[in-house]
Amino acid sequence: MTGAQSRRQRVMLVSRNMPPLLGGMERLNWHIAAELVSAHDVLLVGPEGCAALAPANVETTELPLQPLWKFLLAGLRIARREAL
């Protein structure tokens with residue numbers, strides 16, 4: 001394989017619904033990240049405490065969960081920076 005073919009795609013998952021919060025959406029998002037990391041480099045942007053519970057080999061950035069507007073603004077800033 002050439003360098004371009006062997007390079008893994010980067011995927012960014014931005015969600016407030018990740019462990020340590022509990023519920024069905026949090027479990028679903030955790031499993032999505034766990035499956036994506038098998039074929040991609042995954043960056044997870046989630047609530048404080050998510051790094052300790054994230055699937056193995058998932059890069060994490062934690063943001064304060066409350067208030068919502070702070071999470072959204074910080075998530076947008078990080079997503080934009082990483083996308084560029």
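The values are calculated or read from the model by the stated rules, or taken from the named source; none is laboratory data. Quick caveat: nothing in here was measured; it's all calculated off a predicted structure. Cβ coordinates were reconstructed from backbone atoms using ideal geometry, including for glycine residues, and neighbour counts include every protein chain displayed. Areas reflect the complete protein model, heavy atoms only, side chains present, ligands, DNA and RNA absent. Shrake-Rupley method; radii C 1.70, N 1.55, O 1.52, S 1.80 Å.
Listed values, structure above:
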item	result
Under 5 Å, built H, 5+ apart or other chain: amide partners of residue 18	none
Phi to ³J(HN,Hα) by Karplus 6.51 cos²θ - 1.76 cosθ + 1.60 over region 39-50, Hz, x for Gly, Pro	10, 9, 7, 10, 10, 9, 10, x, x, 3, x, 6
Protein accessible area in the chain, 1.4 Å probe - carbon and sulfur %	58
Cα long-axis angle, helix 68-83 against the chain (0 to 90 degrees, to the nearest 10)	10
Dipole-positive endmost among 71, 54, 17 within the chain (Cβ charges, Cα centre)	71
Accessible area expressed per residue, the chain, with surrounding protein chains retained (probe 1.4 Å, Å²)	67
Contact order normalised by residue count of the chain, Cα under 8 Å, 6+ apart, percent	27
Estimated FRET transfer efficiency when R0 is 22 angstrom, pair residue 8-residue 72 (beta carbons, to 0.05)	0.20
Additional length obtainable on full extension of the chain from residue 56 to residue 17, 0.36 nm per residue less Cα span	12.2 nm
Packing rank of 11-22, 65-76, where each peptide gets the mean count of other beta carbons within 10 Å, highest leading	11-22, 65-76
Crossing angle, helix 24-36 versus the chain [Cα axis fit, 0-90 degrees, rounded to tens]	20
Estimated dipole of the chain in Debye, rounded to 20 [Cβ of Lys and Arg +1, of Asp and Glu -1, Cα centre]	280
